[in-house]
Amino acid sequence: MRATDLHTHSAVSDGTETPTALIEQARLAGLDIVALTDHDTDRGIAEAREAASSAGLGLLPGMEVSAKHHGRSIHILALGNTPAPGSDFALKLNEVRDSREKRAQHIVERLGEDFPITWEAVLEIASGRGVSVASVGRPHIADALTRAGVVTGRAEAFETMLAPHSPYYVPYRALEAAEAIAGIHASGALAVGAHLMTVKRGKGLSSDACQELVESGLDGFEVFHREHGEAERAALVEIAHERGLIVTGGSDYHGSGKPNRLGENTTSEESLERILEATSARL
Ligand SMILES: [Zn+2]
Ligand SMILES: [Zn+2]
């Protein structure tokens, strides 16, 4: 059985390593197949594919799409294909990334009134990781706050000044879940709900909300993820069985940006085969 991790991030979004370095880490971790799923961008896929082919690993193209469902922020993994350049969905993702970066700028303006942080410092961190970043976001702000000694790390920043209840917080435009799923399907990929029942306070979806996403065309659930406990895993597996959905697992690796280790959660051979068959993806 191949060791397959279908959820990883490079410095093209909010990971800390280049796609090439990430693939090398995956090889060292004993993985056979990796999906690169940067936030709302596929910019790292070409580099990752080249590195994977040199390292003898399989690379499944992917992306983690930001969306909202009943006003709640959710993530959907697009697995197996990426949007054609210039397609409607590619253009929508461009808008989402622009909106996220403008919002990040607003947050930094607000923070800058009280803390030693500037947009230039955030940009320096985002662009200093050996790869061109697709959009600057809150994780990069968190890194700048950490470097300035304001917080101890990303986790603290996200729980305090970058949290939605913080006076420094600024919302941004995200796609509706149904719109995101339709776009993912139009790209020839499968749509798999990422950590939908996360145990992070107030962020997890109910079974009913997950069922609604299935009605909107969701193809599977990421069940095996560190933010799901036994109860969440069991609830998602039950819906997946009932509805014939694909079940996946992944590490949500972010390099040194998060404690997640490559391969800490994996995807079964059966699920991988279903994804490959449905998307005609080549590894
Ligand atoms: Zn996510
Ligand atoms: Zn992720």
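All of the numbers you see were taken from the coordinates with simple rules; none came from a lab. What you see is a predicted model, and the numbers here were worked out from it, not measured in a lab. Don't worry about glycine lacking a Cβ; one is built from the backbone with ideal geometry, like all the others, and counts go over all protein chains shown.
Annotations
- 222 nm mean residue ellipticity, helices alone, for the chain (DSSP H n ≥ 4; -39,500 (n - 2.57); rounded to 500): -12500 deg cm²/dmol
- Fewest-first sequence of Thr267, Thr8, Thr160 by Cβ atoms within 10 Å of each Cβ: Thr160, Thr267, Thr8
- Of the chymotrypsin sites (Phe, Trp or Tyr not before Pro) in region 169-241, the ones in a loop by DSSP (not H, G, I, E or B) with at most 16 other beta carbons within 10 Å are Tyr169.
- Gap separating the Cα centres of region 215-283 and region 122-138, nearest whole Å: 28
- Under the criterion of Cα pairs below 8 Å and six or more residues apart, the relative contact order for region 65-157 equals 18 percent.
- Burial order of peptide ranges 190-201, 90-101 (average beta-carbon count within 10 Å, highest first): 190-201, 90-101
- Anisotropy class of region 93-159 from Cα gyration tensor, a/c 1.5 cut: prolate
- Solvent-free Debye scattering, log10 I(q)/I(0), computed from the Cα coordinates of region 1-122 at q = 0.12, 0.19 Å⁻¹: -0.53, -1.03
- Under a 5 Å amide H cut-off, with hydrogens placed 1.01 Å from N, Ile74 pairs with Ala67, Lys68, His69 among residues at least 5 apart or on other chains.
- Rounded to the nearest 20 debye, dipole of region 1-73 from Cβ charges on Lys, Arg, Asp, Glu: 220
- Evaluated on the chain, the Kirkwood hydrodynamic radius is 18.9 Å, with distances taken between all distinct Cα atoms.
- Bridge orientation summary for the chain: considering DSSP beta bridges with both residues in this region, about 40 percent are antiparallel.
- Rg followed by Dmax, in Å, when region 100-210 is reduced to its Cα trace: 16.3, 46
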